[in-house]
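The values are calculated or read from the model by the stated rules, or taken from the named source; none is laboratory data. None of these values were measured; they are calculated from a predicted model. Please note: Cβ atoms are built from the backbone with ideal geometry, for glycine as well, and neighbour counts cover all protein chains shown. Calculation scope for accessible area: heavy atoms of the full protein, side chains included, ligands and nucleic acids excluded. Shrake-Rupley method; radii C 1.70, N 1.55, O 1.52, S 1.80 Å.
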Amino acid sequence: MKRVYSLEDRCLNCRLCEVACKTAHSATGDTFKAYKWEEPEPSARVHVEGTNKASIAVNCRHCAEPNCVEGCIAGAMKKDPETGIVTCDKDKCVGCRTCMAMCPFGAVRVEEYALKCDLCTTGYGDGDPACVRACINQALIFVESDEAELLAVERSGE
């Protein structure tokens, strides 16, 4: 499956990925309206950490064996067996933050419910995710990643 990866040496901390993500997950799909008038204000599923000297966009890796899914007490976090995309059912989420605590990448935030990258499966359409399209320095790439290789990388960090 394809996943978004961040290239730290190319990130300028411009946060255009956050703007694009927020717009993609807004009701209107319009950046100006999303920031100025939508209530509640939409939230980005990617966030940039660091300074313009050293920064990186933090986003979900859609792990082979996602800790967030394993730890979800409400069954809100799910991994689609066909696509490999990990999503949160906001109607089931109780906001306990277990998924947030269990994510080794810091890619889950909880507002009213858990928010994480969904590869723009909601509200954006086909093609590359909004964050990748918006990145002017190509610090975000959307590439194929082998599940077995990903699982080996995940386990090597244990």
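For residues that are out of contact with any Pro (no Cβ under 7 Å at 6 or more places or on another chain) and open to solvent by less than 70 Å² (accessible area, probe 1.4 Å), scanning just segment 1-13, find the one that is nearest to Asp80 (Cα to Cα). Talk me through it step by step, then tell me what you get.
Our first condition is that a residue be out of contact with any Pro (no Cβ under 7 Å at 6 or more places or on another chain); within segment 1-13, this holds for 1-3, 5-13.
Cutting the leftovers down to open to solvent by less than 70 Å² (accessible area, probe 1.4 Å) gives us 1, 3, 5-7, 11, 13.
On the way: Met1: 11, Arg3: 14, Tyr5: 20, Ser6: 23, Leu7: 26, Cys11: 30, Asn13: 31 Å.
Filtering segment 1-13 for residues that are out of contact with any Pro (no Cβ under 7 Å at 6 or more places or on another chain) and open to solvent by less than 70 Å² (accessible area, probe 1.4 Å), the one nearest to Asp80 (Cα to Cα) comes out as Met1.
Being acidic (Asp, Glu), within 15 Å of Cys131 (Cβ to Cβ) and open to solvent by 50 Å² or more (accessible area, probe 1.4 Å), is that true of even one residue in segment 35-55? Working first, answer last.
Keep residues of segment 35-55 that are acidic (Asp, Glu), which gives 38-39, 41, 49.
Checking which are within 15 Å of Cys131 (Cβ to Cβ) leaves us with 49.
So of that shortlist, the ones also open to solvent by 50 Å² or more (accessible area, probe 1.4 Å) come out as 49.
Yes, there is a match, as at least one residue in segment 35-55 is acidic (Asp, Glu), within 15 Å of Cys131 (Cβ to Cβ) and open to solvent by 50 Å² or more (accessible area, probe 1.4 Å).
Looking at (1) in contact with a strand residue (DSSP E or B) (Cβ under 7 Å, 6 or more places away or on another chain); (2) open to solvent by less than 60 Å² (accessible area, probe 1.4 Å); (3) outside any loop (DSSP other than H, G, I, E, B), which is the only condition Ala20 fails?
Condition not satisfied by Ala20: (1).
Applying the selection to segment 77-92, what residues are in contact (Cβ under 8 Å) with a residue 12 or more places away in the chain and either β-branched (Val, Ile, Thr) or closer than 22 Å to Val4 by Cβ (or both)?
Met77, Lys79, Thr83, Gly84, Ile85, Val86, Thr87, Cys88, Asp89, Lys90
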